[in-house]
């Protein structure tokens, strides 16, 4: 293949011939120029084009073959969303000719790869390392697409380039896994402080509904007389009271709905990303409270599952499992959801279902299976509230247009349907967390702490 230089040479040569021919018309005898004058220009132009073509062919033949270039990779394989990764590509020239060309390391657009290409010059047998900086804009797996090699000839009139199929085959495979941003970690210190209060580290342990017995101690003025253990007092000949602690070693199951409703964008991020953020905060908090946390991502099939994980590796297992999740444009099978939950959790557990309060999806899918699910487990439905709906219900102070009135009516109807769904869920004993995306994770954690304080897990 040729570059822009041969065309430029032909254009400059033709322009020079035209100028020289115009000047020579004033003094050259007609017998030398032909009947019409200037008859030598066209043969000269043809010779110029032929010369440039021959030079381009020779230049291409003298270029190094891309097939003789060997490639390998090293660098970062996993980062958090918002961070920057560096992947190094080693280029080794196995050809007998110098490699003077360009290396383009192409990634998927959401990987944010820079620079676009690298200019490389290698002597035979030499190697170099080029670096590509990746700043992903989305979580998940960001793969390298292909490395395209372009080797120029000595005159840079032509070049050799590997074809797309060959480039794809010879490209070293590399996938950068981008973990969720976990922006809700900013709430973790405050939630842990509340958890320590519940555990009795900051204040004296008190009686809570359904809490576990801890120890016996002597009665002091101000203690609840209902905490007095009369049998133990009779044995010790002194008044002693029971102390209590929040329930431990309970089971918490986070269920992510990855169906079509999870693809809706709330603010600047999909609903699924907000659910992942809240699930990570809840899992971090529950593990600190010595509860066991499991994960299930599901729509019409199980997309991710994390069970029986130790406290030390829980966070990494969760982010690794949730990072590649993408919404599926299908209707979630809540019958499958209930079946998987009942099959996996034999004992009573706290089931937090991250979904949307959509009447069509929940009314036809979740409501029929909710009674048998709520009979075995404590169920919490967590949904992100879209503030745009509330804003749409407010009409302009001046004369509103007809479109504004219809939009406000539609928003009001959507909010009313959400209220009906929320009321229907609560009739089954289900707790509902419905909050804007900026405080959604915090509200889910608050619901967990409130149930733990009152022994309702």
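Gain on full extension, evaluated as 0.36 nm per residue between residue 90 and residue 116 minus their Cα-Cα distance, stands at 7.7 nm. Kindly express, to the nearest 10 degrees and within the range 0 to 90, the angle between helix 402-427's C-alpha long axis and the longest C-alpha principal axis of the chain. Its long axis makes an angle of about 50 degrees. The modelled label-to-label distance between residue 233 and residue 141, using points 7 Å beyond Cα along the C-beta direction, is 6.5 nm. Go ahead and collect, in residue order, the members of the stretch 381-396 whose backbone nitrogen is under 18 Å from a label point 7 Å along the Cα-Cβ direction of residue 434. Only 381-394 fall inside the zone, counting backbone N under 18 Å. Between helix 188-199 and the chain there is an angle of about 20 degrees, using the helix long axis and the longest principal axis of the Cα atoms. A straight line joining the Cα centroids of the stretch 247-299 and the stretch 223-238 runs 43 Å.
Counting 0.36 nm for each residue step from residue 10 to residue 165 and taking away their Cα separation leaves a gain of 52.5 nm. Protection proxy ranking for 155-167, 230-242, using the average of other Cβ atoms within 10 Å per residue and placing the highest first: 155-167, 230-242.
Once the Cβ-Cβ distance of residue 268 and residue 50 is raised to the sixth power relative to R0 = 56 Å, the FRET efficiency obtained is 0.40.
Counting every Cα pair in the chain, what percent are over 37 Å apart?
It works out to 54 percent of all Cα pairs.
Remark: spin-label model distance residue 326-residue 313 equals 2.8 nm, labels positioned 7 Å along the Cα→Cβ axis.
Cα gyration tensor of the stretch 66-179, axes a ≥ b ≥ c as square roots of the eigenvalues: rounded (a/c below 1.5), prolate (a/b > b/c) or oblate? Prolate.
Each peptide in 251-260, 387-396 was scored by the mean count of other Cβ atoms within 10 Å over its residues; highest first, the order is 251-260, 387-396.
Here the stretch 346-373 and the stretch 47-121 have alpha carbon centers that stand 53 Å from each other. Secondary-structure-derived ellipticity at 222 nm for the chain, considering helices only, amounts to -11000 deg cm²/dmol, per-run term -39500 (n - 2.57) for DSSP H runs with n ≥ 4.
Read-outs: derived from the displayed coordinates by stated rules, not from any lab. What you see is a predicted model; the values in this text were computed from it and never measured. Quick reminder, even Gly has a Cβ in these numbers, built from the backbone with ideal geometry, and neighbours come from all protein chains shown.
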